[in-house]
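**Q** Here you go, one structure.
The values are calculated or read from the model by the stated rules, or taken from the named source; none is laboratory data. Everything quoted here is computed from the prediction, not taken from an experiment. Glycine also receives a Cβ, built like all others from the backbone with ideal geometry; neighbour counts cover every protein chain displayed.
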Amino acid sequence: MPQIATAFQEARLRPWLRDILLPFWATTGFDSVAGAFVEKFEPSGAPTAEGYTRVRVQARQIFVFSHAAVAGYSDTGLDCATRAFAFLEDHAWDRKHGGWFHRLARGGAALDRSKDSYDHAFLLLAMAWLYRAGGDARVLRRAEETMNFIEIALGRSRGGTFDGYSEQQVAPGSALPLPRRQNPHMHLLEAFLALHEASGDPQWLTHAERIYGLFQRYFFDSAAGQLVEFFDRDWREMPQDGRRLREPGHFFEWAWLLHRYAARTGDETTMTALRPLYAWAWEKGVDREGNAPCVAFEALDPAGNVLAGGSKRLWPQCEAVKAALAVHEGFGDDAALDQARLLLGGLFATFADLGRPDWREQVDRDGRLIRPGMPSSSLYHLYLATAEAVRVLPQT
């Protein structure tokens, strides 16, 4: 593999977080009139003039600035996070039925009152870290109310046994929305672990254990060492457009989460999945040639053939860095540190710049931009990958 990252200066990461990335998103990235974060930036570089925001975007930004305050990277933006949560409580929380609406107008009016598990996962994650940052017990109570809604409105059971969550709330007796995905369950696991760490309440670990059970039974193909993405109502793999998809970014994301799960529960069975997931994605999913090396592909098939024309998106690069660091911490594997540096080199050579707060969202196989503009939701991935690198890599 080209040694693109041999000269990568990880000591520059903390100053970049503190002085460049977070200040931009707490100022230009925050709509002080609405009291909410900017939904996205247009190709011109200007904040979007479109009059909506997705609730999950607000939740992700709340997480970023709360985590940054707790981790000591920066308290810049914590006030913005607090204001954004108040905006959500005022406008997105369904006072009559519980749960959170999907999309709001910039002024707060509900544009889409649907409720889905993916949004709720990030709201729980945001509340876990906002509670840790500010200690407001009311935030934790709202998380508990949110979980009650999730269990009642989205929870599924079969023969009295937990069977995961519905993608969206549907009327009683209505068909389960398809396909079922591992992705919202993965992020619910992330949120449950964060809430357990924040509160110490064992209920959150119980919820996490149930998600891990789904992972063992359905999501992880242990024979192939692969993560399955899409399912029918009975948790059988469901091809999309005639293809079985494998997303290296999610392999990496699960590897990092399995490490966190083991740390909180002491359950070392995660290691039997963590290592093969990381190994498959590292071997099959990371480009080693062309003009954008050390960068993960968006999608493959189970044989490792590249799909989506070799497209590469920002978020899988961030998850790859986190996973390499988790392999190092979980197994004492120093080679994984070198891989993390290579992946950081690819990330900052192709998508981001340590002198700027913006990024490129999606490129083709050779690194040419194919998705102009910048969705704010990707800050969650970029921030956390950088924060984990600062935490784990030696800062010399």
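**Q** In contact (Cβ under 8 Å) with a residue 40 or more places away in the chain, closer than 21 Å to residue 221 by Cβ and surrounded by 13 or more Cβ atoms within 10 Å (Cβ to Cβ): does that describe residue 142?
**A** Spelling it out, it is not the case that residue 142 is in contact (Cβ under 8 Å) with a residue 40 or more places away in the chain, closer than 21 Å to residue 221 by Cβ and surrounded by 13 or more Cβ atoms within 10 Å (Cβ to Cβ).
**Q** Here are some conditions: (1) of a type in the set (Gly, Ala, Ser); (2) in contact (Cβ under 8 Å) with a residue 12 or more places away in the chain; (3) under 30 Å from residue 132 (Cα atoms). Residue 200 meets all but one. Which one does it not meet?
**A** (2)
**Q** Considering only region 363-395, state which residues are buried (at least 17 other Cβ atoms within 10 Å of the Cβ) and polar (S, T, N, Q).
**A** Within region 363-395, 376, 377, 378, 386 meet the criteria.
**Q** So, in region 103-120, of the ones that are more than 22 Å from residue 171 (Cβ to Cβ), of a type in the set (A, V, I, L, M) and out of contact with any Ser or Thr (no Cβ under 6 Å at 6 or more places or on another chain), which residue ends up surrounded by the most Cβ atoms within 10 Å (Cβ to Cβ)?
**A** So the residue we want is 105.
**Q** Please give the number of the condition residue 160 fails out of (1) of a type in the set (Gly, Ala, Ser); (2) over 28 Å from residue 220 (Cα atoms); (3) surrounded by fewer than 19 Cβ atoms within 10 Å (Cβ to Cβ).
**A** So the condition that residue 160 fails would be (2).
**Q** Take the residues in region 210-222 that are under 19 Å from the mean Cα position of the chain (by Cα) and assigned to a helix (DSSP H, G or I), then tell me which one is surrounded by the most Cβ atoms within 10 Å (Cβ to Cβ).
**A** Selected residue: 211.
**Q** Moving on to the next point. Would you mind stating whether residue 84 is among the hydrophobic types (A, V, I, L, M, F, W, C) and within 21 Å of residue 144 (Cα to Cα)?
**A** Yes: the conditions hold for residue 84.
**Q** Restricting region 29-39 to residues that are in contact (Cβ under 8 Å) with a residue 24 or more places away in the chain and assigned to a loop (DSSP other than H, G, I, E, B), which is farthest from residue 60 (Cα to Cα)?
**A** Looking at residues that are in contact (Cβ under 8 Å) with a residue 24 or more places away in the chain and assigned to a loop (DSSP other than H, G, I, E, B), I get 34.
**Q** I would also like to ask the following. List, please: which pairs have Cβ atoms under 8 Å, are six or more places apart or on different chains, and start with a residue in region 60-77 that is more than 15 Å from residue 136 (Cα to Cα) and end with one that is β-branched (Val, Ile, Thr)?
**A** Between residues of region 60-77 that are more than 15 Å from residue 136 (Cα to Cα) and residues that are β-branched (Val, Ile, Thr), the close pairs are 65/76; 68/76; 73/390; 77/64.
**Q** Residue 265: among the polar types (S, T, N, Q), in contact (Cβ under 8 Å) with a residue 24 or more places away in the chain and buried (at least 21 other Cβ atoms within 10 Å of the Cβ), yes or no?
**A** No.
**Q** Restricting to region 44-65, count the residues that are touching a Gly at 6+ places or on another chain (Cβ under 8 Å) and in a helix (DSSP H, G or I).
**A** Residues flagged as touching a Gly at 6+ places or on another chain (Cβ under 8 Å) and in a helix (DSSP H, G or I) within region 44-65 amount to 3.
**Q** Let me ask another. I'd like the full set of residues that are surrounded by 15 or more Cβ atoms within 10 Å (Cβ to Cβ) and farther than 13 Å from residue 216 by Cβ, limited to region 272-292.
**A** Selection gives 275, 276, 278, 280, 281, 282, 284, 285, 286, 287, 292.
**Q** If you don't mind, another one. So, residue 313, is that one of a type outside the set (Val, Ile, Thr), surrounded by fewer than 22 Cβ atoms within 10 Å (Cβ to Cβ) and within 22 Å of residue 379 (Cα to Cα) or not?
**A** So residue 313 fails the test.
**Q** Condition test on residue 149, is it at pLDDT 95 or above, in contact with a Lys or Arg (Cβ under 6 Å, 6 or more places away or on another chain) and surrounded by fewer than 21 Cβ atoms within 10 Å (Cβ to Cβ)?
**A** No.
**Q** Okay, moving on. Looking at (1) at pLDDT below 95; (2) buried (at least 20 other Cβ atoms within 10 Å of the Cβ), can you tell me which one residue 88 breaks?
**A** (1)
**Q** Now a separate question. For region 301-329, which residues satisfy the criterion of being in contact with a helix residue (DSSP H, G or I) (Cβ under 6 Å, 6 or more places away or on another chain) and over 25 Å from residue 391 (Cα atoms)?
**A** Answer for region 301-329, where residues must be in contact with a helix residue (DSSP H, G or I) (Cβ under 6 Å, 6 or more places away or on another chain) and over 25 Å from residue 391 (Cα atoms): just 304.
**Q** In region 226-260, which residue that is aliphatic (A, V, I, L, M) and assigned to a loop (DSSP other than H, G, I, E, B) is nearest to residue 276 (Cα to Cα)?
**A** Here the answer is 228.
**Q** While we're here: Does residue 41 meet the test of being at pLDDT 95 or above, within 23 Å of residue 134 (Cα to Cα) and of a type outside the set (Ser, Thr, Tyr)?
**A** Considered against the rule, which asks whether it is at pLDDT 95 or above, within 23 Å of residue 134 (Cα to Cα) and of a type outside the set (Ser, Thr, Tyr), residue 41 comes out as no.
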